[in-house]
Structure formats: structure tokens, C-alpha cells
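Before any comments, here is the structure.
Laboratory data are not the source of any read-out in this text; all were calculated from the coordinates shown. Everything numeric here is computed off the predicted structure, so don't read it as measured data. FYI the Cβ positions are ideal-geometry reconstructions off the backbone, even for glycines, and counts take in every protein chain you see.
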Amino acid sequence: MIKIPIDQIGKAQGSEFHFHGSQSDLDLQGTGFPVNDTNIGLRLLEAEDGYYLAGRLTGTAVLQCHRCLSEFDYPFDLELGALITFEQRKEFEGEGGIIVVSPQSDEIDITKYISDTIVLDIPYKILCKEDCRGLCSSCGTNLNYDTCDCTQDTIDPRWEKLKELNFDQEGE
Ligand SMILES: [Zn+2]
Ligand SMILES: [Zn+2]
């Protein structure tokens, strides 16, 4: 868990906090994929109902390519910006960038905020590289590293039938 003890936040100027670790150290299971070498540097500034958090988050996510299914490292370097508030207000619900802390709590848990920030950075279509050639649909060979003897341009039998039709004669 990534928690900031409230009694360690200085009153006058911004307080700085640093966290470092792997997914298990930081309890970032919410991402759904491994995250290594996470570095979080952040500063807290006093805001009206709480604090303003600003900082930087770097690390490496281990993702699986949608096309060839191999795992690859995805480095990220992200800006952090969020409002930490002790007031549970209706309009805050479900909104990103707002961390609501119970007024009774003596620490600020930013674990979910950090997990969410990483997940939001991951592209919808995960590819190990833009031109990933994927796996052969017949034999499963990873075509990025190998070739296979399957004919890649095999014509679907249904289309073969269409080829037999002679379109030129239509309408004549
Ligand atoms: Zn791939
Ligand atoms: Zn093949």
C-alpha cells in the first residue's frame, strides 16, 4: 500500500514523499499486470479541504501483446496531479484525480489512485510493436521471429466458390 501519514505533512510549504518498489511491495494488484521498478515522487500542497498532490510516476509494466501473445516491457513516465479532500461530496464520486480520505483517517492511501493512473496510460490495443506480425493462424508460429510452411494467403473455400462465378456476363 502507498500511504502518506498525515502527521508527516508539513504545514507551511510543500512536503515531499518518495516511494519505490515492485507491484507486490506497493500492492498495485489493481493494475491486473505486473509493474516493476515503480518510482513515485510527489509533493503535497495545502488546498481548501485537503491537499493538492503533484508529482511524477515512473516504472515498467509487463504487458502481453494482443497479436503475438508474447510479454514485453512497457515503460511509463507519468505526471501526477490530484486533489486530496476530506469532504465526501456527491459530485466527486467516480471522478478521476480526486482522492477522498475519511476525516477520521490518519493517513492518505493513494494506492488505487496510482494503480488507476498506470492503467489509464495503457493503450486499448496492446501491441509489442506497431507492426507486430502476430501468430500464424494455422500452426501458431510467432511470425516476428520465425517463418512457417503454412500458406498465408490460402483462400477461404467460401470465397473460392465466388471466384467461379463469371460477373462479366451479369446484366447482359
Ligand atoms: Zn506482438
Ligand atoms: Zn504456420
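Quick notes on this one:
- Beta bridges from DSSP with both residues in segment 3-121: antiparallel share about 90 percent, rounded to the nearest 5.
- Counted by neighbouring Cβ atoms within 10 Å, the residues V101, V119 run from fewest to most as V119, V101.
- In terms of its C-alpha gyration tensor, segment 3-121 has a prolate overall shape, because the principal axis ratio a/c (a ≥ b ≥ c, square roots of the eigenvalues) is not below 1.5 and a/b outweighs b/c.
- Three-way shape call for segment 33-82 based on the alpha-carbon gyration tensor, with the a/c threshold at 1.5: prolate
- Loop GluC sites (Glu not before Pro), segment 1-87, which have at most 14 other Cβ atoms in a 10 Å radius of their Cβ (DSSP): E48, E87
- Candidates per chymotrypsin sites (Phe, Trp or Tyr not before Pro) in segment 35-142, loop by DSSP, up to 14 other Cβ within 10 Å: Y124
- For segment 15-32, 3J(HN,Hα) computed residue by residue from phi via the Karplus equation (6.51, -1.76, 1.60; θ = phi - 60°) reads 9, 10, 9, 10, 9, 9, x, 9, 4, 6, 4, 9, 6, 8, 4, x, 6, x Hz, glycine and proline entered as x.
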